[in-house]
Amino acid sequence: EPTIKNLKREMKSSPSSPSSLHRKAPFLSTLLALIIFFIIIILYSEVFSFIFTQSHPKLSGSNYNSISRIIKRKKEKLAFAIGEREEGCDVFSGSWVWDSKSRPLYTEDCPYIQPQLTCQQHGRPDNDYLYWRWQPHSCSIPSFNATLMLESLRGKRMLFVGDSLNRGQFVSMVCLLHQHLPENAKSMETFGSLTVFTAKDYNARIEYYWAPFLLESNADDAIVHRITDRVVRKGSINKHGKKWRGADIIVFNTYLWWMTGMPFKILQKGSFKDEVKDIVEVSTEDAYRMTMKSMVRWLKKNMDSNKSRVFFTSMSPSHYKSMDWGGEADRNCYNETKMIEDSSYWGSDCSKNVMQVIREVFSKSDVAITFLNITQLSSYRKDAHTSIYKKQWNPLTPEQLANPVSYADCTHWCLPGLQDTWNELLFAKLFYP
């Protein structure tokens, strides 16, 4: 009997007994919780460091920058992006530097350049404009990589939409790519307002669509569109937009055609075929704002931000008033071979009110639009226009021949030239936003 009592006593004190396990359960749970807690601290030390630096702003911001990049990347992984620019890098703020080693990026032998843009072939005597490279102040632009661009466009469609300045950017892009393709592996076709360049081995299409106002207008004929009495139809973006659907990358521009210097005419309802038209006149800014809002609504409905990218190229400056840069009266870009060196220069043709409209509409939009702010950097380049060195649409009169300033084109740009830089910036923002 003593043996049985001792056995019962040992069973009561045994760690494997139910009562002992019950007493030790809280301890084991606490220990397990502490182990999990320390694992979390080790795995997510950056997050805790981020929270700590937020509470103590005098501490180093390196952890904050690191975690904010991680959080941003998880929230918004942009299509086509393979990397990102360093913090504080503004690729649109910089200066032009001479570079005779890497420029130009192609030659006028590119067969897709319109004769209105081939300045050397039309007798331009100087060529310094070909050798300038844009250098941002705080960082560098990645070199344009045609192979990466073509591979990224494999089975996809890149579309430029807008006026003739956007067509120039489209042609520049085609010339940057075509030299890396065999002769029998590329083609260019035009179907009314749409021009299509195809890289056959990649099943890739780079396209341009003529729509100078984006909305339907009385200037929509891709060939016959030189009119002064300009009218756009309200709420009509689908007239052209149905041809844009399915694009993986869209690059928009619209500016030059709006600048009439007069109130702008809007067709309120009906069509251009109606004998009696309901037309109102509004300010340029209000007409432009209407169009930007229409564009944003169209993008929200028709573009998938997880798979596609949208760009908007800002106003392209012209140089018709030499007095803007301290030149003589009644002169323009004709015979200008040097750029403007005043870093604060802003030409009278560039409307800050229109820029403000763009900022206002885009800032309120939940559609991801990458803004290509080429205005300031292009404003310096009064030397880069086609001027008189282009194919003329009509025979020149004796009076014009006697005064080249009178027919100089200070709107469009020679190719190769400035617009190649626009595409380098597009490349940088596409792959390294």
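The values are calculated or read from the model by the stated rules, or taken from the named source; none is laboratory data. Predicted, not measured: the structure shown is a model, and the values here were computed from it. Quick reminder, even Gly has a Cβ in these numbers, built from the backbone with ideal geometry, and neighbours come from all protein chains shown. Quick note on the areas: whole protein, heavy atoms, side chains included, nothing else; ligands and nucleic acids left out. Shrake-Rupley method; radii C 1.70, N 1.55, O 1.52, S 1.80 Å.
How long is the gain from MET323 to MET355 if the chain were fully straight, where each residue apart is worth 0.36 nm and the alpha carbon distance is subtracted? Numbers along the way, then the final one.
Numbers: separation 32, 0.36 × 32 = 11.52 nm, distance 2.27 nm.
So the chain would gain 9.3 nm between MET323 and MET355.
Past 30 Å, Cα to Cα, is the threshold; run LYS77/LYS352; LYS101/LYS321; LYS273/LYS352; LYS243/LYS338; LYS300/LYS429 against it and keep the listed order. Walk me through the intermediate numbers first.
Values: LYS77/LYS352 32 Å; LYS101/LYS321 33 Å; LYS273/LYS352 35 Å; LYS243/LYS338 41 Å; LYS300/LYS429 20 Å.
Correct reply: LYS77/LYS352; LYS101/LYS321; LYS273/LYS352; LYS243/LYS338.
By what distance, in whole Å, do the Cα atoms of the range 302-385 stretch along each of the three principal axes, largest value first?
50, 23, 21
Apply the a/c threshold of 1.5 to the C-alpha gyration tensor of the range 257-354 and tell me whether it is rounded, prolate or oblate.
Numbers: a/c = 3.12, a/b = 1.50, b/c = 2.08.
It is oblate, given that a/c is not under 1.5 and a/b is not larger than b/c.
Excluding CYS350 itself, what net charge comes from residues whose Cβ is under 15 Å from its Cβ, given Lys and Arg +1 and Asp and Glu -1? Don't skip to the answer; put the middle values down first.
Values: positive: LYS321, LYS352, ARG359, ARG381, LYS382; negative: GLU285, ASP324, ASP342, ASP349.
Residues near CYS350 contribute +1 overall.
Compute, for the range 225-336, the length of the dipole vector about the Cα centre, with Cβ point charges of +1 (Lys, Arg) and -1 (Asp, Glu) only. Units Debye, rounded to 20. Please list the in-between numbers first.
On the way: 21 positive and 13 negative charges, 190 e Å.
Here the range 225-336 has a charge dipole of around 920 debye.
Using the crude model of +1 on Lys and Arg Cβ and -1 on Asp and Glu Cβ, and no other charge, please compute the dipole size for the range 297-433 relative to its Cα centre, in debye to 20.
Values: 16 positive and 15 negative charges, 157 e Å.
The dipole magnitude comes to about 760 debye.
At 1.4 Å probe size, with the rest of the protein present, what percent of the exposed accessible area of the range 98-142 is carbon and sulfur atoms? Write out the running numbers ahead of the final one.
Numbers: 1160 of 2330 Å².
Answer for the range 98-142 is 50 percent, counting heavy atoms of protein chains only.
Rounded, prolate or oblate: which fits the range 195-326, taking a ≥ b ≥ c as square roots of the Cα gyration tensor eigenvalues, rounded meaning a/c under 1.5, else prolate when a/b beats b/c? Could the numbers behind the result be given before it?
Values: a/c = 1.78, a/b = 1.28, b/c = 1.38.
It is oblate, given that a/c is not under 1.5 and a/b is not larger than b/c.
On the full set of protein chains, 1.4 Å probe, figure out the accessible area of ARG331 and give it in Å² to the nearest 10.
Using a 1.4 Å probe on the heavy atoms, I get roughly 90 Å².
Could you sort 392-398, 344-350 so that the peptide with the highest average Cβ count within 10 Å comes first and the rest follow in order? Mind dumping the intermediate values first?
Numbers: 392-398: 9.3, 344-350: 14.7.
With the highest mean Cβ count within 10 Å placed first, the list reads 344-350, 392-398.
Arrange the peptides 223-232, 175-184, 247-256 so that the one whose residues have, on average, the most other Cβ atoms within 10 Å appears first.
Numbers: 223-232: 13.1, 175-184: 15.8, 247-256: 22.6.
Result, highest mean Cβ count within 10 Å first: 247-256, 175-184, 223-232.
Over its Cα atoms, what ratio of radius of gyration to 2.2 N^0.38 Å does the range 83-123 give? Kindly include the intermediate steps, with their values, before the conclusion.
Working: Rg = 16.0 Å, N = 41, 2.2 N^0.38 = 9.0 Å.
In units of the globular-protein estimate, the range 83-123 measures up at 1.77.
GluC sites (Glu not before Pro) within the range 290-364: which are DSSP loop residues with at most 16 other Cβ atoms inside 10 Å? Intermediate results must be reported in sequence, preceding the final value.
On the way: sites: GLU328, GLU336, GLU341, GLU360; in loops: GLU328, GLU336, GLU341.
Loop-located and lightly packed - GLU328, GLU341.
Using heavy-atom solvent-accessible surface (probe 1.4 Å) with all chains present, what is the largest-first order of ARG103, ARG289, ARG205? Present the calculation step by step, with values, prior to reporting the outcome.
Numbers: ARG103 20, ARG289 50, ARG205 95 Å².
Final ranking, largest accessible area leading: ARG205, ARG289, ARG103.
Report the accessible area of GLU86, computed with a 1.4 Å probe over the heavy atoms of all protein chains in place, in Å² rounded to the nearest 10.
Ignoring ligands and nucleic acids, GLU86 comes out at about 90 Å².
Using only Cα positions of the range 335-433, each an equal point scatterer, no hydration layer, compute I(q)/I(0) via Debye at q = 0.12, 0.13, 0.25 Å⁻¹ and quote the log10 values to two decimals.
Values, matching the q order: -0.57, -0.65, -1.33.
Run the numbers for ASP99 and LYS391: contour at 0.36 nm per residue of separation, minus the present Cα-Cα distance, in nm.
102.3 nm
Rounded to the nearest 0.05, what FRET efficiency is calculated for LYS300 and ASP274 with R0 set to 22 Å and r the Cβ-Cβ distance?
Values: r = 30 Å, r/R0 = 1.37.
My answer for the efficiency is 0.15.
Return the carbon/sulfur percentage of the accessible area of the range 267-309, one whole number, probe 1.4 Å, all protein chains in place.
Numbers: 1260 of 2700 Å².
Looking at the range 267-309 in its full context, I get 47 percent from C and S.
Express the carbon and sulfur contribution to the solvent-accessible surface of the range 179-245 as a percent, rounded to the nearest whole number, probe 1.4 angstrom.
On the way: 1540 of 3310 Å².
Carbon and sulfur: 47 percent of the exposed surface of the range 179-245.
So with the 1.4 Å probe, I'd like the accessible area per residue for the range 240-345, rounded to whole Å².
Details: 5650 Å² over 106 residues.
Using a 1.4 Å probe on heavy atoms only, each residue of the range 240-345 averages 53 Å².
Using 0.36 nm times the number of residues separating ILE223 and THR370, minus their current alpha carbon distance, what extension gain do you get? Before the final figure, lay out each step's value.
Working: separation 147, 0.36 × 147 = 52.92 nm, distance 2.99 nm.
Extra length from ILE223 to THR370 when fully extended: 49.9 nm.
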